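Heads up: the structure comes next, in structure tokens.
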Amino acid sequence: MNDDPSGTPLTKRIKAVSETNVPIKSVNNKSAKSTGEDICYMMGENVFRLRVGGVGIKMTIDSGAAANLVDIDTWNTLRAKEAKLKFSSYVDRSLKAYGSSTPLNIIGMFTAVIEAGDSEVEATFYVAQNDKQSLLGDETAKQLKVLKIGYNVGSVTSFEKFPKIKGVLVEIPIDPNAKPVQQPYRRAPFALESKISEKLQSLLDRDIIEKDDQPSAWVSHIVPVLKDNGEIRLCVDMRRVNKAVLRETHPLPIVDELFGGIHGAVCFSKLDVKEAYHQVEIAERSREITTFIAKQGLFRFKRLMFGISCAPE
């Protein structure tokens with residue numbers, strides 16, 4: 001490892017390489033990745049206080065790390081405070097600085113229970129003699145739920161009220177000559193009942209739907225769709241209702257027109273409009289037509305919904 005003149009460590013890259021000629025004793029390495037993987041971290045970034053063997057220490061979380069490293073000062077702290085761990089002077093891999101053929105001075109390895117909030121796992125740690133910061137590897141960080149990588153990292157998972165555009169109320173135009181339709185309750189598969197109940201409660205908590213305790217002239221039934229990830233999509237069959245909805249005669253742009261409009265552009269931005277319809281609130285007098293029936297009773301939408309024919313306009 002090279003340091004700058006001020007003594008501040010630079011960005012480190014550590015390469016984990018399995019060594020077949022080094023014996024392994026009393027340590028079951030659950031954090032090890034395959035041979036040749038690179039791990040790296042930025043010094044001073046993503047530092048959290050965790051508990052290892054019952055003793056609180058600071059560690060840097062690194063999504064590219066294939067092993068957990070403990071610097072010598074932290075190791076001395078763990079020993080002084082009698083942390084609960086199982087140490088071995090034997091190691092099962094060599095850790096090298098990126099671009100260097102000289103292995104780091106690893107004085108041993110140990111297993112211990114590491115805790116973060118309500119999560120805890122048993123993990124393997126390597127003690128580095130010359131290192132200056134402890135490093136929490138990718139696998140252990142994910143097991144502790146302190147690191148999440150994927151497309152849904154920024155998704156809304158808490159049951160807070162869904163954001164809405166202030167000062168905008170949507171009126172759903174209804175043909176005055178249309179006859180209201182009350183569709184009967186359609187029973188869902190028994191295995192999906194609990195998921196449907198959870199989804200309804202989520203929509204209520206996020207202020208997207210509301211309970212309807214009054215008789216309604218319009219009632220539609222729901223169609224639960226099980227997604228590949230095990231979650232459920234709750235659709236409302238609006239086909240009968242859409243016959244009474246008046247459409248605006250406004251031409252929507254086609255893809256060719258959109259591409260023509262950005263000809264010559266050099267700067268682009270990306271906008272995730274997932275559940276964007278729910279950002280628009282429906283006027284009180286237009287909500288009745290969105291009423292649907294479930295096992296839990298009648299509900300109606302407070303926000304613009306998917307499936308109603310006038311939503312694009």
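The values are calculated or read from the model by the stated rules, or taken from the named source; none is laboratory data. Not measured: the values here are computed from a predicted model. Cβ coordinates were reconstructed from backbone atoms using ideal geometry, including for glycine residues, and neighbour counts include every protein chain displayed. Note: accessible area is taken over every heavy atom of the protein model, side chains too, but ligands, DNA and RNA are not part of it. Shrake-Rupley method; radii C 1.70, N 1.55, O 1.52, S 1.80 Å.
Things to note:
- Among the conditions (1) part of a strand (DSSP E or B); (2) in contact (Cβ under 8 Å) with a residue 60 or more places away in the chain; (3) under 20 Å from residue 60 (Cβ atoms), residue 126 misses just one, which is (2).
- Residue tally, condition at pLDDT below 85 and open to solvent by less than 100 Å² (accessible area, probe 1.4 Å), over the range 262-279: 3
- Exactly one residue among 274, 195, 243 is of a type in the set (Lys, Arg) and closer than 21 Å to residue 164 by Cα, and that residue is 274.
- Within the range 166-182, the set of residues being under 19 Å from residue 220 (Cα atoms) and of a type in the set (Gly, Ala, Ser) comprises 178 only.
- Criterion violated by residue 188 - all others in (1) out of contact with any helix residue (DSSP H, G or I) (no Cβ under 9 Å at 6 or more places or on another chain); (2) part of a loop (DSSP other than H, G, I, E, B) satisfied: (1)
- Unmet requirement for residue 164, which otherwise passes all of (1) surrounded by 15 or more Cβ atoms within 10 Å (Cβ to Cβ); (2) modelled with pLDDT of 90 or more: (2)
- In the range 80-101, residue surrounded by the fewest Cβ atoms within 10 Å (Cβ to Cβ) [restricted to those that are at pLDDT below 85 and out of contact with any strand residue (DSSP E or B) (no Cβ under 7 Å at 6 or more places or on another chain)]: 101
- Among (1) farther than 16 Å from residue 300 by Cα; (2) part of a loop (DSSP other than H, G, I, E, B); (3) touching a residue at least 40 places away in the same chain (Cβ under 8 Å) - the single one residue 193 does not satisfy: (2)
- Applying the condition of being aliphatic (A, V, I, L, M) and in contact with a Lys or Arg (Cβ under 9 Å, 6 or more places away or on another chain) to the range 110-140 and asking which residue is most open to solvent (accessible area, probe 1.4 Å) yields 113.
- Of the listed requirements (1) touching a strand residue (DSSP E or B) at 6+ places or on another chain (Cβ under 7 Å); (2) open to solvent by 30 Å² or more (accessible area, probe 1.4 Å); (3) under 13 Å from residue 170 (Cα atoms), residue 300 misses just one: (3).
- If the condition is being open to solvent by less than 100 Å² (accessible area, probe 1.4 Å) and under 35 Å from the mean Cα position of the chain (by Cα), then the range 243-257 contributes 252, 253, 254, 255.
- Residue list for the range 49-79, restricted to those being over 24 Å from the mean Cα position of the chain (by Cα), crowded, with 21+ Cβ neighbours inside 10 Å and in contact (Cβ under 8 Å) with a residue 60 or more places away in the chain: 52, 57, 69, 70, 74
- Pair list, Cβ < 7 Å and 6+ apart or interchain, from the range 277-296 residues that are farther than 13 Å from residue 238 by Cα to residues that are of a type in the set (Asp, Glu) and assigned to a loop (DSSP other than H, G, I, E, B): 283/171; 286/171
- Considered as a group, the residues in the range 216-237 that are of a type outside the set (S, T, N, Q) and under 13 Å from residue 287 (Cα atoms) include one that is most open to solvent (accessible area, probe 1.4 Å), and that residue is 217.
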